[in-house]
Structures are given as C-alpha cells and as structure tokens.
1. Only residues that are surrounded by 14 or more Cβ atoms within 10 Å (Cβ to Cβ) and charged (D, E, K, R): list them for the stretch 193-223, please.
2. For the condition within 23 Å of the chain's Cα centre (by Cα) and hydroxyl-bearing (Ser, Thr, Tyr), what is the one hit in 106, 144?
3. Among the numbered conditions (1) surrounded by 14 or more Cβ atoms within 10 Å (Cβ to Cβ); (2) under 29 Å from residue 48 (Cβ atoms), tell me where residue 128 comes up short.
4. Output yes when any residue across the stretch 155-172 is without any contact (Cβ under 8 Å) to a residue 24 or more places away in the chain, on the phi < 0 side of the Ramachandran plot and touching a strand residue (DSSP E or B) at 6+ places or on another chain (Cβ under 8 Å), and no when none is.
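Where a number appears in this text, it was derived from the coordinates with a stated rule and is not lab data. As the structure is a prediction and not an experimental result, all values here were calculated from the model. Positions of Cβ are generated from backbone atoms using ideal geometry, with glycine treated the same way; all protein chains shown enter the neighbour counts.
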Amino acid sequence: MTEASALLRLQQIDIELLRHASTLQKLPQQEKLKKIALAKKKVAVELKKITGQRKDAEIDIVDVNADISHYRQVRERVMAEAEEGPLTHREARTVEESLTHLAKVTEKCEFRLGPLNEKLEKLKLAEANAQKMLGRLDEEEAATKKSFEDDSASVRAQILKLKDERDAACSEISAEVLARYEAARKRFGGLAVETLAGNVPSTCRVKLQPSLYHDIARGPQITECPYCHRILVTTQEGEE
C-alpha cells in the first residue's frame with residue numbers, strides 16, 4: 001500500500017469510527033445512563049444534607065441529656081447539703097428557690113427532647129429512604145450498562161477492528177504527513193483528504209485551471225489543494 005493509499009484508508013477508517021461512535025451515542029441506554037447519573041448526583045447531595053442534619057440532631061439530643069443529667073446532679077447535691085443540718089429561714093428559702101429553678105430548667109430540657117427525638121426519627125427515615133433510592137439507582141445503572149453492552153457488542157467489535165486497521169494504516173504514513181492529516185482532520189471536521197476526479201478536487205469541487213492542474217499532476221502524490229487547503233492526493237494505487 002502506498003503512503004497516499006494509506007492516507008485515504010486512514011480517513012475512511014476515521015469516518016467509519018465517527019459513524020460508529022454516533023451509533024453508540026444514539027442508543028437509548030446512553031440517555032438513560034445520563035439521567036440515572038443526574039438522579040444519583042441529586043440523591044447523593046440530598047443524602048449528604050440529611051446525614052448532616054441527623055448528626056446535628058443526635059448531638060443536640062446528647063447535649064440536652066447532658067444538661068438534664070447535670071441539673072439532676074445539682075439538685076441532688078442541693079438536697080444533700082440541705083439535709084446535713086438545720087437551715088435558717090433564709091437558707092431554706094434559698095434552697096427552695098434553687099430546687100424550683102432546677103426543676104424548671106430540667107422540665108424545659110425534657111420538653112425539648114420530644115421534638116428533637118421526633119426530628120431525629122424523621123431524619124433517620126429520610127436517610128434510609130435516600131440510601132435505598134441510591135441502591136435502586138445503582139441496580140438500574142448496572143442493568144442499563146449490561147443492556148448497552150449487549151446491544152452495542154457488534155458495533156464495539158467493529159470499532160476494535162477498525163482501530164487495529166487504523167494502526168496499520170498509520171504505520172504506512174510518515175510522521176510529517178500524519179501530523180498534517182491530524183491537523184487538517186480537526187480543522188475540517190474529519191474531511192481532511194480529497195482526491196482528484198480529472199481536474200476537480202473531490203471535496204471542494206473547485207475546478208483546477210489547466211496550468212495549475214498540470215503543475216499538481218507532475219508534483220508529489222500527496223500535496224495541498226490550492227483552494228480549500230485540504231490534503232490532496234493526486235493519484236491512487238493502481239493509477240500510477
């Protein structure tokens with residue numbers, strides 16, 4: 001295979017690879033996988049938020065229970081001190097006021113526990129539901145990927161075969177020409193190489209003037225179109 005023929009084959013392979021990639025992208029599983037990924041991201045963000053709230057609620061409950069325990073210990077200490085000996089009227093009144101205050105603050109803390117425990121249970125339930133949802137989405141994602149692999153097996157096999165053929169074609173092309181091809185492929189959306197049909201380039205279709213055609217025909221097989229600046233192959237295998 002000549003370098004010119006290898007170059008044309010390379011472009012043909014790349015166009016086929018693009019077509020196969022488009023076929024894979026259009027399979028319904030691809031869109032479904034995108035939606036699943038977005039749903040997982042949304043649930044994961046919500047789960048992180050709920051988990052943070054659940055931890056905060058647990059900390060609040062621990063703090064309130066600690067306050068209750070502290071107030072009860074203070075109450076026991078005040079009562080123990082009061083029982084150690086006779087108290088004056090003023091001391092008895094101070095003890096009574098302290099016990100009343102401690103009872104009130106303890107009652108307030110105990111009152112706070114109810115809503116906090118309810119909030120915690122709701123957050124635990126929401127957290128469990130979010131985790132279940134992530135689990136279901138993981139299962140759906142795995143099933144969709146399996147379905148995609150089954151439906152795309154033949155196309156992916158063709159892609160692997162074409163990639164091997166591409167490597168073989170590239171090995172027949174010089175580094176300089178290959179670099180020119182890659183640059184032109186990006187610039188022209190895949191249509192980097194054209195051939196001559198008489199004196200008309202196959203892609204840009206701008207007819208070459210006789211003198212220009214004569215110069216190009218006498219030049220190297222791989223040149224550049226003077227009009228569109230794509231790589232121009234002047235002769236192909238079997239035409240020399």
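1. 194
2. Only one candidate qualifies: 144.
3. (1)
4. no
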